[in-house]
1. Return the distance in nm (one decimal) between the two label points of a simple spin-label model at THR160 and LEU215, each offset 7 Å from Cα along Cα→Cβ.
2. In terms of the Cα gyration tensor, with a ≥ b ≥ c the square roots of its eigenvalues, is segment 290-416 rounded because a/c is under 1.5, prolate because a/b exceeds b/c, or oblate?
3. Enumerate the lysines that LYS241 could reach by cross-link, defined here as Cα to Cα under 24 Å, with residues fewer than 8 away along the same chain left out.
4. Roughly how many Å is it from the Cα centre of segment 85-124 to that of segment 302-380, as a whole number?
5. Could you give the nm distance between label points at ASP236 and LEU223, where each point is 7 Å from its Cα heading toward the beta carbon?
6. Which distance in nm do the two modelled labels at ASN371 and GLN415 give, with both placed 7 Å along the Cα-to-Cβ direction?
7. Counting other Cβ atoms within 10 Å, keep those with at most 13, restrict to DSSP loop, and tell me which trypsin sites (Lys or Arg not before Pro) in segment 221-252 are left.
8. Hey, if you put +1 on the Cβ of every Lys and Arg and -1 on every Asp and Glu Cβ in segment 53-413, which of THR92, GLY74, VAL230 ends up farthest toward the positive end of that dipole?
Amino acid sequence: MKTHIIRPITATLSVIFLLALASCSSTDNATNAQSANQSTTAQNTNSSQSNNPLFSDKNVAVAKNFKTTTVLRGLERPWGMAWLPDGAMLITERPGRVRIVRNGTLDPKPVAGVPEIFAVNQGGLMDVSLHPNFEKNRLVYFTYSHGTNQANRTRVAKATFDGSTLKDWDVIFQVSQAKPGGQHFGSRIVWLPDNTMLVAIGDGGNPPTQLNGDLIRKQAQNLNSHFGKVVRLNDDGSIPKDNPFAASDNADKAIWSYGHRNIQGMTVDPINNRLWSTEHGSRGGDELNLMQAGENYGWPEVSYSDEYSGGPVTSVKSRPGVPEPKVVWTPSIAPSGLAFYSGDRFGAWKGDLFAGGLVSNDVRRIDLDGNGNVVKEESIPIGRRVRDVRQGPDGGLYVLTDEQDGQLISIESTQS
Ligand SMILES: [Ca+2]
């Protein structure tokens with residue numbers, strides 16, 4: 001179950017790196033992954049500390065030596081962003097629009113070609129991501145909610161962008177079961193080097209939301225449901241034959257990992273080939289996880305989270321076989337947007353994670369060591385709900401704020 005190889009990259013990586021990857025044979029990849037797994041196991045055995053989460057409370061130190069600048073405003077509930085090869089940006093707005101920014105200026109006219117989106121509560125148009133071969137195929141991918149308040153699903157669609165218009169909107173995946181209400185759609189898109197994609201799907205909603213006469217959130221442990229999962233898809237929506245449950249007779253073959261409540265931050269560390277995600281707990285117990293194919297991340301059977309109504313979600317906070325979170329946030333920061341900083345522009349931040357917080361109104365810099373262990377955490381205050389955090393092609397860090405008059409904000413390290 002855990003032998004599936006990932007050597008993930010993002011669409012923002014250089015062509016050189018893509019060529020280097022393409023020149024690797026699958027045998028090389030397998031060998032590298034195997035030795036990486038062995039060294040991870042050895043570290044965990046040698047240092048019990050590396051297995052313990054960082055328990056982050058409200059006493060988080062504020063970062064020094066940074067500045068924030070508003071780049072532009074006038075975005076309604078922006079959710080995701082992607083840079084085009086010419087430096088322009090596509091930004092999604094949750095009500096169902098795609099906006100384009102050229103030369104730092106927001107085009108007042110939304111990009112044409114987006115169908116009507118079911119936007120209610122947490123639902124709407126969510127993530128946007130370019131195909132790794134966008135320069136050739138012009139394909140852009142979106143996640144969004146579709147349906148009605150009684151029956152809706154997270155969908156993945158692709159469309160062709162000709163520089164001004166989206167054409168041939170094509171739904172390539174949707175959650176297999178419909179759910180009611182406006183909670184927990186996920187979602188983020190991340191590309192792997194073999195041009196497959198990972199898509200995060202939420203657990204369907206809080207109690208009392210039900211499916212088939214039981215709490216819908218329990219579907220996160222059901223391997224025949226897409227709720228509470230990360231799924232892995234080919235770029236046309238078909239299912240890769242080497243998915244972790246592809247050989248199982250009793251699992252949905254799209255599933256890549258499970259036991260998630262609601263992932264809204266997911267990113268790749270292209271230096272160490274690691275995949276990271278942040279997911280919302282209910283009351284407290286938000287998580288940063290180091291992600292591996294085939295793993296069960298526990299929700300709702302294993303969690304540090306409390307019910308909104310009080311009391312723990314489960315008496316089991318930790319269980320062998322369920323990866324411990326790397327960070328547990330109590331109280332909740334409500335994490336959305338996650339970036340691994342791989343640039344050279346801010347040397348002090350290279351190799352660290354930046355997690356947005358909707359409720360904490362900040363970005364958390366999570367200082368990692370080379371083994372993927374959390375060294376410390378600090379807060380970069382934004383003063384607004386942070387929906388997304390990304391590294392731009394200029395080596396900068398950018399934030400979208402979740403507001404009616406949402407902003408694009410840049411964060412810079414001023415440490416020399
Ligand atoms: Ca977990």
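1. The answer from the label model is 4.7 nm.
2. On the way: a/c = 2.40, a/b = 1.46, b/c = 1.64.
Here segment 290-416 falls in the oblate category.
3. By straight Cα distance, LYS241 reaches LYS2, LYS158, LYS229, LYS253.
4. Using only Cα atoms, the two centres lie 28 Å from each other.
5. Each label point is offset 7 Å from its Cα along the Cβ direction, giving 2.8 nm.
6. Placing both labels 7 Å beyond Cα along the Cβ direction yields 2.2 nm.
7. Working: sites: LYS229, ARG232, LYS241; in loops: LYS241.
Sparse-neighbourhood loop trypsin sites (Lys or Arg not before Pro): LYS241.
8. GLY74
Rule-based calculations on the coordinates, nothing more; no lab input. All values derive from a computational prediction rather than experimental measurement. All Cβ positions, glycine included, derive from the backbone under ideal geometry; neighbour counts span all protein chains shown.
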